[in-house]
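Student: Would you mind keeping the following structure in view while I ask a few things?
The values are calculated or read from the model by the stated rules, or taken from the named source; none is laboratory data. Computed from a predicted structure; not experimentally measured. Here the Cβ is made from the backbone with ideal geometry for all residues, glycine too, and neighbour counts use every protein chain on show. Keep in mind that these areas ignore ligands, DNA and RNA; they rest on the heavy atoms of the full protein, side chains included. Shrake-Rupley method; radii C 1.70, N 1.55, O 1.52, S 1.80 Å.
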Amino acid sequence: GETDPRIIDRYRQMLAANPVEGTALDRLWTIAEKEGFTTRLVKEARTAARKAKGAFAEEMVLGLFLSRSGKNEEAANAFRAAAKAGPESPLPHLALARLLPPEQQAPELEEAARRLSPDSPERPETLRRLGEAYLAAGTPEKAAAAWEEWVADAPSQPELRQKLARLYAENGMPEQALAHYAVLEKEGDPPMRVEALRGMAVLQAKAGRP
């Protein structure tokens, strides 16, 4: 049978209040696909955005629906309109980055990171994605800088430090790698300590150290 309209309205309200990729969008779009009204959702979102004269939430919701419909160019236009309407928000820039190939995402993710406060729940994931975008673009030094911020924001997560140590080791930055491996050797779990000791030994051998 068809989904209770009240449930659909609830998801739409949740999405309007927090227009991001997430549970509300996933569930609403799944219902719409199953019951055949995705086209109607997009059409209604277009109308709402037009009536609201480019208001932030309406443009974000439109962009999300268009993106789910595979209309990335139109989605990007909606997200740019949202960025103009809400210049302080990171959300349009995060959404725009998702539409781009990894090696082209860094500028939008930089814009998003600038708009995120240090205690923002989106910040760690944004810094992770920014580092990966820099790496895809062939700039490991910038990737490392983004991930240093990531590690600094989450010192209790040694797996982040492990990833950063590997990044340094793989990209010709042995001193930085050794510094992070030294911390992991003291603070990591047993498998991390083993990897850290092995990594330090390899790097020291390459450098001709005892």
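Student: With a probe of 1.4 Å, find how much accessible area the chain has per residue, and write the answer as a whole number in Å². Don't skip to the answer; put the middle values down first.
Tutor: Working: 11600 Å² over 210 residues.
For the chain, the solvent-accessible area averages 55 Å² per residue.
Student: Grab the Cα-Cα distance for Arg50 and Glu159, subtract it from 0.36 nm times how many residues apart they are, and report the gain in nm with one decimal. Can you show the working numbers first?
Tutor: Values: separation 109, 0.36 × 109 = 39.24 nm, distance 4.58 nm.
That works out to 34.7 nm of additional length.
Student: While we're here: Translational diffusion coefficient of the chain at 25 °C, 0.890 mPa s, Stokes-Einstein with Kirkwood Rh over Cα pairs, in µm²/s as a whole number. If you can, show how the numbers build up before the last one.
Tutor: On the way: Rh = 19.4 Å.
Taking Rh from Cα pairs, D becomes 127 µm²/s.
Student: Would you mind calculating the relative contact order of the chain from Cα pairs under 8 angstrom and at least 6 residues apart, reporting the percent as a whole number? Intermediate values should be presented prior to the final figure.
Tutor: Values: 232 pairs, mean separation 20.0, N = 210.
Contact order relative to length: 10 percent.
Student: Here's a follow-up. Assuming 0.36 nm per residue, please report the length gained on full extension of the stretch Glu175 to Leu197 beyond their Cα-Cα distance. Can you show the working numbers first?
Tutor: Numbers: separation 22, 0.36 × 22 = 7.92 nm, distance 1.45 nm.
Full extension from Glu175 to Leu197 adds 6.5 nm.
Student: Additional query: In whole Å, largest first, what are the principal axis extents of the Cα atoms in segment 1-100?
Tutor: Cα spread of segment 1-100 along its principal axes, largest to smallest: 42, 25, 22 Å.
Student: Over segment 14-72, how many percent of alpha carbon pairs lie in each 5 Å bin up to the one with the longest distance?
Tutor: P(r) for segment 14-72, in whole percents per bin: 4, 22, 30, 29, 13, 3, 0.
Student: Moving on. Can you check what the Kirkwood hydrodynamic radius comes to for segment 146-210, Cα pairs only, in Å to one decimal? Mind dumping the intermediate values first?
Tutor: Working: mean 1/r = 0.0861 Å⁻¹.
Taking the inverse mean of 1/r over all distinct Cα pairs, segment 146-210 comes out at 11.6 Å.
Student: With point charges of +1 on the Cβ of Lys and Arg and -1 on the Cβ of Asp and Glu, referenced to the Cα centre of segment 109-210, which listed residue (Ala207, Tyr181, Pro191) lies farthest in the positive direction of the dipole?
Tutor: Farthest along the dipole direction, towards plus: Ala207.
Student: Ratio of Rg to Rh for segment 51-103, alpha carbon only, Kirkwood? Can you show the working numbers first?
Tutor: On the way: Rg = 10.2 Å, Rh = 10.7 Å.
Reported Rg/Rh, Kirkwood definition of Rh: 0.96.
Student: In segment 1-110, which GluC sites (Glu not before Pro) fall in coil by DSSP and have 15 or fewer other Cβ atoms within 10 Å?
Tutor: Numbers: sites: Glu2, Glu21, Glu33, Glu35, Glu44, Glu58, Glu59, Glu73, Glu74, Glu88, Glu103, Glu108, Glu110; in loops: Glu2, Glu21, Glu88.
Taking segment 1-110 and a limit of 15 other Cβ atoms within 10 Å, the loop GluC sites (Glu not before Pro) found are Glu2, Glu21, Glu88.
Student: Now a separate question. Give Lys142/Lys186; Lys71/Lys163; Lys53/Lys142; Lys34/Lys163 a once-over and call out the pairs whose C-alpha atoms are over 32 Å from each other.
Tutor: Working: Lys142/Lys186 27 Å; Lys71/Lys163 35 Å; Lys53/Lys142 38 Å; Lys34/Lys163 40 Å.
Too far apart for the 32 Å limit: Lys71/Lys163; Lys53/Lys142; Lys34/Lys163.
Student: With unit charges on the beta carbons (Lys and Arg positive, Asp and Glu negative) and the dipole taken about the Cα centre of segment 7-94, which residue among Ala83, Ala49, Leu94 sits farthest to the positive side?
Tutor: Sorting the options by dipole projection puts first Ala49.
Student: In nm, to one decimal, how far is the Ala207 label point from the Thr139 one, both placed 7 Å along Cα→Cβ?
Tutor: Here the answer is 2.7 nm between the modelled labels.
Student: At Arg10 and Asp189, where each label point lies 7 Å from the Cα along Cα→Cβ, what is the point-to-point distance in nanometres?
Tutor: Each label point is offset 7 Å from its Cα along the Cβ direction, giving 3.6 nm.
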